[in-house]
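See structure below.
The values are calculated or read from the model by the stated rules, or taken from the named source; none is laboratory data. Only a predicted model underlies this, so the values are computations on that prediction, with no experimental measurement involved. Quick reminder, even Gly has a Cβ in these numbers, built from the backbone with ideal geometry, and neighbours come from all protein chains shown. Accessible surface is based on the protein model in full, side chains and every heavy atom, while ligands, DNA and RNA are left aside. Shrake-Rupley method; radii C 1.70, N 1.55, O 1.52, S 1.80 Å.
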Amino acid sequence: MEKCTYTTCTIRIIIYDVTDGKFVPVLHEPLYIKFNDKDKDMDYVAKLKEDVRLLKKHKYYVGLAVVSTNGTGEIHFPAYIHKGYVRNLGTNKTHKFPATIGVSLMGTEM
């Protein structure tokens, strides 16, 4: 995260398997991370409460959304010039997008 000007805000991260245009959650419980206006230029590392299995030749979507805020402000994440999708949570419509937020997933290959 590069910058947060909210007094506090909570973001939700969830992983979906994209099959036939449908988003099927891989995580049973999303990851919630709380930030505040003192957080700046930081990486956040979290251990998930469940094992996640990502399969070869599957398409995945990492959903990131600001789910609550305190005060007015904005939150900035590094962007990568790599195609991805944006999804309107209200209408559930997706659109291709030429740049995405930088989120890295690391784990153990089994």
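Any chance you could count how many residues in the range 65-84 are modelled with pLDDT under 80 and in contact with a Ser or Thr (Cβ under 6 Å, 6 or more places away or on another chain)?
The qualifying residues number 3.
Could you grab the pairs with beta carbons closer than 6 Å, sequence gap of 6+ or different chains, first residue in the range 75-93 and touching a residue at least 24 places away in the same chain (Cβ under 8 Å) and farther than 18 Å from Tyr60 by Cβ, second one surrounded by 10 or more Cβ atoms within 10 Å (Cβ to Cβ) and of a type in the set (Gly, Ala, Ser)?
Close Cβ pairs satisfying both conditions: Pro78/Gly102.
Any chance the range 85-105 includes a residue that's modelled with pLDDT of 85 or more, open to solvent by less than 60 Å² (accessible area, probe 1.4 Å) and in contact with a Phe, Trp or Tyr (Cβ under 6 Å, 6 or more places away or on another chain)? First the steps, then the outcome.
To start, the set of residues in the range 85-105 that are modelled with pLDDT of 85 or more comprises none.
No: the range 85-105 contains no residue that is modelled with pLDDT of 85 or more, open to solvent by less than 60 Å² (accessible area, probe 1.4 Å) and in contact with a Phe, Trp or Tyr (Cβ under 6 Å, 6 or more places away or on another chain).
Only one of (1) more than 16 Å from the chain's Cα centre (by Cα); (2) over 19 Å from Asp20 (Cα atoms) is not met by Lys57, so which one is it?
Of everything listed in (1) more than 16 Å from the chain's Cα centre (by Cα); (2) over 19 Å from Asp20 (Cα atoms), Lys57 misses just condition (2).
Of all strands (runs of 3 or more DSSP E) completely enclosed by the range 1-84, which ones contain at least 1 residues that are surrounded by 13 or more Cβ atoms within 10 Å (Cβ to Cβ) and small (Gly, Ala, Ser)?
Values: elements: 8-19, 22-25, 31-36, 59-70.
In the range 1-84, the matching strands (runs of 3 or more DSSP E) lie at 59-70.
Within the range 44-71, restricting attention to residues that are charged (D, E, K, R) and in contact (Cβ under 8 Å) with a residue 40 or more places away in the chain, which residue is farthest from His82 (Cα to Cα)? Give the derivation first.
Filtering the range 44-71 down to residues charged (D, E, K, R) leaves 47, 49-51, 53, 56-57, 59.
From what's left, in contact (Cβ under 8 Å) with a residue 40 or more places away in the chain: 53, 59.
Numbers: Arg53: 23, Lys59: 14 Å.
Going through the qualifying residues, I end up with Arg53.
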